[in-house]
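The values are calculated or read from the model by the stated rules, or taken from the named source; none is laboratory data. This is a predicted model, so every value here is computed, not measured. Cβ sites come from the backbone with ideal geometry, for glycine too, and all protein chains shown count toward neighbours. Side chains included, ligands, DNA and RNA excluded: accessible areas come from the protein's heavy atoms. Shrake-Rupley method; radii C 1.70, N 1.55, O 1.52, S 1.80 Å.
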Amino acid sequence: MANSDELKGKVNETKGKLTDDESTELKGKVQQGFGKAKDKAKETADDVAGKINKKIDKEKED
């Protein structure tokens, strides 16, 4: 699922392509990359939190 940064980036990239504005196109590509990085960081944080919760739950059972 694309986040708002990725969507804004895609809009800016397309706008830059349509208007032949390389700066806007590049800005859009950077925004998309930032959005993807944010998604990956959130996914990693969620994965780590899940593993920690499983470990805590397991220790409670013992």
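To the nearest 20 Debye, how big is the dipole of the chain about its Cα centre, given +1 on the beta carbon of each Lys and Arg and -1 on that of each Asp and Glu?
For the chain, the charge dipole is close to 40 debye.
At 7 Å along Cα-to-Cβ for each site, give me the label-to-label distance between residue 15 and residue 37 in nm.
Result for the modelled spin labels: 2.1 nm.
A 30 angstrom limit on the alpha carbon distance is what I want to check against. Which of 10/42; 15/36; 29/54 exceed it?
29/54
Quote the relative contact order of the chain in percent (integer), defining contacts as alpha-carbon pairs under 8 Å separated by 6+ residues.
Once divided by the residue count of the chain, the mean separation gives 31 percent.
Which value in nm describes the separation of the simple spin-label points at residue 23 and residue 47, placed 7 Å from the Cα toward the beta carbon?
Between residue 23 and residue 47, the simple spin-label model gives 3.9 nm.
Strictly greater than 14 Å: what percent of every Cα pair in the chain meets that?
Everything past 14 Å amounts to 64 percent.
Given the rule -39500 (n - 2.57) for each run of at least 4 DSSP H residues, summed and divided by the residues of the chain, what is its mean residue ellipticity at 222 nm, to the nearest 500 deg cm²/dmol?
Theoretical 222 nm ellipticity from helices: -32500 deg cm²/dmol.
Accessible area per residue of the chain at 1.4 Å probe, in Å²?
The answer is 83 Å² per residue.
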